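Below is one structure; the comments refer to it alone.
The values are calculated or read from the model by the stated rules, or taken from the named source; none is laboratory data. These numbers were taken from a predicted model, which means no experiment stands behind them. Please note: Cβ atoms are built from the backbone with ideal geometry, for glycine as well, and neighbour counts cover all protein chains shown. With ligands, DNA and RNA removed, areas are computed over all heavy atoms of the protein, side chains included. Shrake-Rupley method; radii C 1.70, N 1.55, O 1.52, S 1.80 Å.
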Amino acid sequence: MESLYRQKYQDKKLSWLLEKAQEAFNRYIRKRDNNNPRKGFFTCISCGKVRDEKYLQAGHYMPAGSNAPVRFDEMNVHGQCVECNTYLHGNQEAYRRGLVRKYGEEAVEDLELKAKQMWKWSRPEIIAIITDYRAKVKEVNYD
Ligand SMILES: [Zn+2]
């Protein structure tokens, strides 16, 4: 099975693999955070509002492009409403407060330090993210 995956991905460009990995990862985050007791609703990590799931996006605390080490860190990406993610460009200050509420100040500082490290995703790592998160999405089930 493993070698079949490798074969399937071996001719793909790194940029294509990263795109597919981000899709799979974000799909998992959207599913993970679509967990409000009120079905079909979620709580935005940054503004804290309970919103309809159609406004749920996977929003990065530290942007994916310039923070490679935390691009696929589950603590750096959460369900965020479209207003915060898109119109407020991530609503980063409020996002940070939301993370501190959820994980504590120390953990957020660790995440911020991790983000600044030198990092380059290798092809096997990216392929593992694609396959692992496609499998994880299937495991998350709130029904
Ligand atoms: Zn919001």
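Does GLN7 qualify as being more than 16 Å from the ligand (Cβ to nearest atom), open to solvent by 70 Å² or more (accessible area, probe 1.4 Å), assigned to a helix (DSSP H, G or I) and not hydroxyl-bearing (Ser, Thr, Tyr)?
yes
Picking from LYS8, LYS49, LYS20, LYS39, which residue would you name as being out of contact with any Pro (no Cβ under 9 Å at 6 or more places or on another chain), over 26 Å from GLN117 (Cα atoms) and at pLDDT 95 or above?
LYS49
Restricting to segment 114-143, count the residues that are open to solvent by less than 80 Å² (accessible area, probe 1.4 Å) and either farther than 16 Å from LYS20 by Cβ or not basic (Lys, Arg) (or both).
Final tally of qualifying residues: 16.
For segment 112-129, indicate whether the set of residues that are in contact with a Phe, Trp or Tyr (Cβ under 7 Å, 6 or more places away or on another chain) and part of a helix (DSSP H, G or I) is non-empty.
Yes: one or more hits.
Looking at (1) more than 15 Å from the chain's Cα centre (by Cα); (2) within 21 Å of LYS102 (Cα to Cα), find the lone condition where ILE45 falls short.
(1)
Those residues that are in a helix (DSSP H, G or I) and surrounded by fewer than 16 Cβ atoms within 10 Å (Cβ to Cβ), I need them from segment 10-28; list them, please.
If the condition is that a residue be in a helix (DSSP H, G or I) and surrounded by fewer than 16 Cβ atoms within 10 Å (Cβ to Cβ), then LEU14, SER15, TRP16, GLU19, GLU23 are the ones that fit.
Taking only pairs six or more apart or across chains, which ones have beta-carbon atoms under 8 Å, a first residue in segment 84-113 that is away from the ligand (no atom under 13 Å from the Cβ), and a second residue that is of a type in the set (Lys, Arg)?
These pairs meet every condition: VAL108/ARG96.
Per-residue answers, yes or no, for (1) on the phi < 0 side of the Ramachandran plot; (2) in contact with a Pro (Cβ under 6 Å, 6 or more places away or on another chain); (3) not aromatic (Phe, Trp, Tyr):
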position	(1), (2), (3)
PHE72	yes, no, no
CYS81	yes, no, yes
ASN91	no, no, yes
VAL100	yes, no, yes
GLN117	yes, yes, yes
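Would you check which residues across segment 39-66 are out of contact with any strand residue (DSSP E or B) (no Cβ under 7 Å at 6 or more places or on another chain) and part of a loop (DSSP other than H, G, I, E, B) and list them?
LYS39, GLY48, TYR61, MET62, PRO63, ALA64, GLY65, SER66
Does segment 73-90 include one or more residues that are assigned to a helix (DSSP H, G or I), crowded, with 22+ Cβ neighbours inside 10 Å and within 10 Å of the chain's Cα centre (by Cα)?
Looking for residues that are assigned to a helix (DSSP H, G or I), crowded, with 22+ Cβ neighbours inside 10 Å and within 10 Å of the chain's Cα centre (by Cα), one finds none in segment 73-90, hence no.
What are the residues in segment 29-66 that are more than 15 Å from the ligand (Cβ to nearest atom) and either farther than 24 Å from ASP110 by Cα or buried (at least 16 other Cβ atoms within 10 Å of the Cβ) (or both), if any?
Hits for segment 29-66 are LYS31, ARG32, ASN35, PRO37, ARG38, LYS39, GLY40, MET62, ALA64.
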